[in-house]
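Have a look at the structure below, then the notes.
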Amino acid sequence: RDSKVHQNLLEDHSFINYKQNVENVDIVRKRLNRPLTYAEKILYGHLDNPHGQDIERGVSYLKLRPDRVACQDATAQMAILQFMSAGLPQVAKPVTVHCDHLIQAQLGGEKDLKRAIDLNKEVFDFLATATAKYNMGFWKPGSGIIHQIVLENYAFPGALIIGTDSHTPNAGGLGQLAIGVGGADAVDVMSDLPWELKAPQILGVKLTGRMSGWTSPKDIILKLAGITTVKGGTGKIVEYFGEGINTFSATGMGTICNMGAEIGATTSVFPYNNSMVDYLKATKRGEISEFADLYHKDLLSSDKGAEYDEVIEINLSELEPYINGPFTPDLATPISAMKEVAVKNNWPLDVRVGLIGSCTNSSYEDMSRAASIAKDAAAHGLKAKSLFTISPGSEQVRATIARDGQLQTFQDFGGVVMANACGPCIGQWDRQDIKKGDKNTIVSSFNRNFTSRNDGNPETHSFVASPEITTAIAIAGDLRFNPMTDKLKDKDGNEFMLKPPTGLGLPTKGYDAGENTYEAPPLERSNVEVKVSPTSDRLQLLKPFDAWDGKDPSDLPILIKALGKTTTDHISMAGPWLKYRGHLENISNNYMIGAINAENKKANSVKNFYTGEYAGVPDTARAYKKQGQKWVVVGGENFGEGSSREHAALEPRYLGAYAIITKSFARIHETNLKKQGLLPLTFAQPEAYDRINPDDLIDLVGVKGLAPGKPITMRMKTKAGETWETPLNHTFNSEQIEWFKAGSALNRMALDK
Ligand code: F3S
């Protein structure tokens with residue numbers, strides 16, 4: 001138990017610290033005097049101060065010491081720019097950067113990759129040189145998607161890792177707590193500051209029975225999303241338990257944890273089990289599983305009698321495949337009901353494109369099972385009726401399925417193999433088969449299907465399903481097709497039914513690593529020069545924001561009162577804007593352009609309070625900024641749900657926002673706003689939202705006395721000269737209040753240096 005075991009095969013300076021974790025857990029268990037769940041043990045095992053830390057689930061803020069950080073290329077730019085502005089010589093914890101988001105799907109793998117490397121050269125050069133300079137690992141374009149690479153190389157049972165991407169929880173499939181954060185949180189860990197997280201509640205999901213036939217792990221989370229909705233996991237860790245968890249693969253567990261982000265969960269996790277041992281061995285990390293076995297009882301399992309805040313039970317034997325969507329991942333329809341539901345809702349029935357892969361579903365098992373269906377169709381002389389694309393999750397998966405034949409099966413089926421990257425999942429898709437504005441349906445094995453996400457077309461009805469169901473539907477080309485009950489016609493017109501999918505969880509010949517796409521940092525780093533051109537329109541060094549002026553603000557105009565769902569995609573759109581992730585001034589031109597103005601029900605059209613003229617949201621914000629006028633945004637429920645994008649917080653801060661006032665916030669977005677020195681506030685009386693008129697002016701009374709748990713007052717002044725007041729809540733603790741006062745968390749950090 002005292003041996004020194006490396007966290008991975010790529011770094012010689014990072015070790016697994018189970019001993020320390022167990023000591024921390026023992027201290028906390030004694031203090032709390034109760035059994036702990038698996039997630040609690042991992043979390044409390046990483047406390048900065050297990051003796052003194054307040055621990056109340058759903059209430060306290062935990063100060064934690066994560067084992068490592070992973071960043072993707074879109075978010076890494078701003079995180080590293082922020083880290084650089086703190087002036088430290090190298091990162092304090094192991095960090096990796098993964099080039100996956102900036103590669104547009106157009107013609108297929110190789111060509112797209114080459115084009116992306118040309119187009120994004122300055123960003124990739126910046127990331128390559130900055131990672132080398134500050135001692136981080138660099139995964140080059142073409143290496144694969146961050147979460148798949150983390151699972152293959154870095155995840156281990158009992159670890160705590162943060163990642164600047166919302167689907168970081170994917171690594172819960174290997175028994176670790178992996179939490180999606182904004183770049184500013186990553187900067188905390190890179191700079192050796194404890195990282196703060198509100199102690200989550202634990203939602204237990206009990207799995208009983210066993211899946212069979214067409215059902216796969218994806219269906220567990222699709223069903224759960226239907227039960228909990230997109231908000232049901234907010235502030236909670238989802239911990240799976242019950243005998244059902246021992247009946248499927250670690251990568252399947254990864255899929256489930258990945259999509260826990262769609263119910264708003266802080267993260268999701270499966271306790272250490274035999275499928276994880278198999279996966280660790282298959283990825284050449286048997287030493288880690290042997291080490292983990294020694295700590296199974298003390299650390300890597302839940303205590304007997306541990307209690308969850310809430311329990312949901314799913315019987316896997318009764319579970320059927322689900323198709324979720326359109327426009328939201330929690331609109332869950334069991335496949336047997338889709339015929340009726342699709343027609344009733346007037347959803348386009350013709351499926352134009354089936355897309356498999358992405359970080360959610362691109363394991364060897366997913367690919368093998370999907371390929372078994374394509375093969376079955378081919379044996380009957382059929383190809384995909386819909387267009388069909390495959391986005392492999394990593395170079396390792398791509399090379400392995402190329403060697404073992406599944407890739408050829410997909411190509412024979414009419415599939416186009418995209419680069420090992422996010423591609424259409426994040427709107428990096430040069431879609432040609434329809435015109436913008438055409439109503440159409442696509443089905444994917446991805447995780448997220450908000451309006452316009454995949455192809456920028458608000459009329460695209462995007463559904464998510466398992467790779468198996470996506471492939472079957474692509475053969476029929478019809479959303480109503482249920483392979484469990486419906487027949488297809490073979491090339492001679494004879495009816496047949498597809499066989500249920502089959503496929504191995506792990507490759508019998510082992511994984512083929514493919515091309516070497518990893519770049520370790522050099523030992524001698526002092527003369528590495530970080531490349532940022534002062535004339536670049538994609539990268540811009542950061543200037544600190546101004547500190548708070550010490551006054552209660554008055555007469556703040558409302559830039560926009562947003563109607564309905566306002567996700568981070570509405571606040572800071574992805575797609576073509578990904579290009580400007582490292583340039584705050586330029587990317588701010590997308591601020592809230594996807595949000596709907598409650599006044600005129602239009603996107604990107606708001607009235608300037610002072611001139612009465614309508615203009616785009618960023619233009620109006622810039623006009624206010626120019627006249628030195630701060631402003632607020634008003635929003636609805638779960639504001640900022642979706643991704644960890646800190647640009648959604650940096651942009652309003654840069655454009656002159658003072659406060660964002662909503663019915664409720666998504667956790668990551670709320671923290672990001674605080675980090676950037678903004679005031680996220682929520683209505684104590686949600687009906688107040690309805691009374692607000694975009695022509696009103698706002699005073700915020702009590703900002704001067706901002707204190708934990710103490711509401712402030714919003715005083716509204718209407719155009720007719722009336723005044724009314726309503727209380728606003730906030731979740732600032734005393735340290736976060738210091739961020740607000742200093743102008744940002746980073747300013748605060750610089751003050752301490
Ligand atoms: Fe990439 Fe989509 Fe996953 S954007 S990280 S494949 S959710």
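The values are calculated or read from the model by the stated rules, or taken from the named source; none is laboratory data. Keep in mind it's a predicted model, so treat the numbers as computed, not measured. Reconstructed Cβ throughout: ideal geometry from the backbone, glycine too, with neighbour counts over all protein chains shown.
Within the range 693-712, can one find any residue that is among the hydrophobic types (A, V, I, L, M, F, W, C), at pLDDT below 95, assigned by TED's automatic domain parsing to the domain that holds HIS669 and farther than 23 Å from ARG748 by Cα? No, that holds for no residue. Among the residues making up the range 16-64, those that are closer than 30 Å to LEU127 by Cβ and surrounded by fewer than 21 Cβ atoms within 10 Å (Cβ to Cβ) are ASN17, ASP48, LYS63.
This table checks each residue for (1) more than 16 Å from the ligand (Cβ to nearest atom); (2) without any contact (Cβ under 8 Å) to a residue 60 or more places away in the chain; (3) under 30 Å from LYS206 (Cβ atoms); (4) of a type in the set (S, T, N, Q).
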position: PRO35; (1), (2), (3), (4): yes, no, yes, no
position: ASN49; (1), (2), (3), (4): yes, yes, no, yes
position: GLN53; (1), (2), (3), (4): yes, yes, yes, yes
position: CYS71; (1), (2), (3), (4): no, no, no, no
position: LEU81; (1), (2), (3), (4): yes, no, no, no
position: MET84; (1), (2), (3), (4): yes, no, no, no
position: PRO94; (1), (2), (3), (4): yes, no, no, no
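Yes or no, residue by residue, for (1) within 16 Å of the ligand (Cβ to nearest atom); (2) surrounded by fewer than 21 Cβ atoms within 10 Å (Cβ to Cβ); (3) among the charged types (D, E, K, R):
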site: VAL416; (1), (2), (3): no, yes, no
site: CYS422; (1), (2), (3): yes, no, no
site: SER466; (1), (2), (3): yes, no, no
site: ILE475; (1), (2), (3): no, no, no
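Against the conditions (1) crowded, with 24+ Cβ neighbours inside 10 Å; (2) more than 11 Å from LEU203 (Cα to Cα); (3) of a type in the set (Val, Ile, Thr), THR229 satisfies every one except (1). Checked against the criterion of being buried (at least 23 other Cβ atoms within 10 Å of the Cβ) and over 19 Å from the mean Cα position of the chain (by Cα), the candidates SER216, SER212, SER191 yield just one match: SER216. Does at least one position in the range 233-249 carry a residue that is modelled with pLDDT under 95, surrounded by 24 or more Cβ atoms within 10 Å (Cβ to Cβ) and not in a strand (DSSP E or B)? Yes, the range 233-249 contains a residue that is modelled with pLDDT under 95, surrounded by 24 or more Cβ atoms within 10 Å (Cβ to Cβ) and not in a strand (DSSP E or B).
Can you find a residue that is at pLDDT 95 or above, under 22 Å from VAL397 (Cα atoms), within 16 Å of the ligand (Cβ to nearest atom) and β-branched (Val, Ile, Thr) anywhere in the range 154-163?
Our first condition is that a residue be at pLDDT 95 or above; within the range 154-163, this holds for 154-163.
Next, from what is left, pick out any that are under 22 Å from VAL397 (Cα atoms): 154-157, 163.
Keeping just the survivors that are within 16 Å of the ligand (Cβ to nearest atom) gives 154-155, 163.
Those still in the list that are β-branched (Val, Ile, Thr) too: none.
No, that holds for no residue.
Against the test of being at negative phi, surrounded by fewer than 24 Cβ atoms within 10 Å (Cβ to Cβ), assigned by TED's automatic domain parsing to the domain that holds ARG431 and in a loop (DSSP other than H, G, I, E, B), the options ASP303, ASP330, ASP298 yield a single qualifying residue, ASP330. Exactly one residue out of GLY493, GLY456, GLY437 is under 22 Å from TRP577 (Cα atoms), surrounded by fewer than 20 Cβ atoms within 10 Å (Cβ to Cβ) and more than 16 Å from the ligand (Cβ to nearest atom): that is GLY437.
Within the range 334-391, the set of residues being part of a loop (DSSP other than H, G, I, E, B) and under 23 Å from MET497 (Cβ atoms) comprises LEU349, HIS380, GLY381, LEU382, LYS383, ALA384, LYS385, SER386. Taking the numbered list (1) closer than 26 Å to SER166 by Cβ; (2) of a type in the set (A, V, I, L, M); (3) surrounded by fewer than 18 Cβ atoms within 10 Å (Cβ to Cβ) in turn, ALA265 passes all entries but (3).
At least 2 residues being of a type in the set (S, T, N, Q) and touching a residue at least 60 places away in the same chain (Cβ under 8 Å) is the threshold, and among the helices (runs of 4 or more DSSP H) wholly inside the range 642-753 those reaching it are 667-675.
Taken together, GLN148, GLN106 contain a single residue that is within 16 Å of the ligand (Cβ to nearest atom) and within 30 Å of GLY414 (Cβ to Cβ), which is GLN148. Cβ separations smaller than 6 Å between residues 6+ apart or across chains give the following pairs from the range 143-162 residues that are farther than 21 Å from ILE103 by Cα and β-branched (Val, Ile, Thr) to residues that are part of a loop (DSSP other than H, G, I, E, B) and within 15 Å of the ligand (Cβ to nearest atom): ILE162/VAL181.
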